Each structure stands twice: as C-alpha cells, then as structure tokens.
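Below is one structure; the comments refer to it alone.
Every read-out reported here was derived from the displayed coordinates using simple, explicitly stated rules and does not represent laboratory data. What you are looking at is a predicted structure, and each value in this text was computed from that prediction instead of being measured. When we count neighbours, we look across all protein chains shown, and the Cβ atoms used for this are built from the backbone with ideal geometry, even at glycine.
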Amino acid sequence: MVPYRDDDDDDDNWDDEGDGGDDSDDEPTVPCPYCRREILEDSPRCPHCERYISEEDSPPPRKPLWVFATALICLAIVLWWLW
C-alpha cells in the first residue's frame, strides 16, 4: 500500500505580504554596544551577550559579603548583650 501524498504543495510556501519573508522593516535594530550584534532598538537587554543596555534597566548591584557578615556579627553581639 502506498502512503497518501498531497501533490498540492502550494499551501506550504505562501507569503501574506509578498515581500519574500523580509522582516527587517518590522522593528528598527541597532548594534549592541558590547557584542556589536543587531538587537531591537527598544530592547532592555541583548539576547546574544545577555548584558543590559542601560544602567536603568540593569538589576541593582548585590551587596558585598562583608556587609552581611558585619550585620550578623552585630546582631549576635546585641543578642548576647541582651541575654
């Protein structure tokens, strides 16, 4: 038995716009300041190198470990003093 084959392949290759699939006009792009690859102009982060484009979009910096250690030592001293 031979499997069914649809000889009407026109439906697989249709294009609504008729521009050949060129999507470059949809969104403006700019080069990433770090890796120089093209990214969307209003993108907060580069999808290639994953760096934030501006300081406002980047997450706040993490506190150094010594800040947490100092806070724990001060808390331990206060608890020991109150005991």
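Let me check I've understood the local charge: for Cys32, count other residues with C-beta under 9 angstrom from its C-beta, Lys and Arg +1, Asp and Glu -1. What total comes out? Before the final figure, lay out the partial values.
Numbers: positive: Arg36, Arg37, Arg51; negative: Glu38.
Here the count lands on +2.
Would you please give the residues with an amide H less than 5 Å from that of Ile53, counting only those at least 5 places away or on a separate chain, with H modeled from the backbone geometry?
Long-range HN contacts for Ile53: Arg45, Cys46.
Amide H neighbours of Ile39 under 5 Å, counting only residues 5+ apart in sequence or on other chains, H built in-plane at 1.01 Å?
Val30, Cys32
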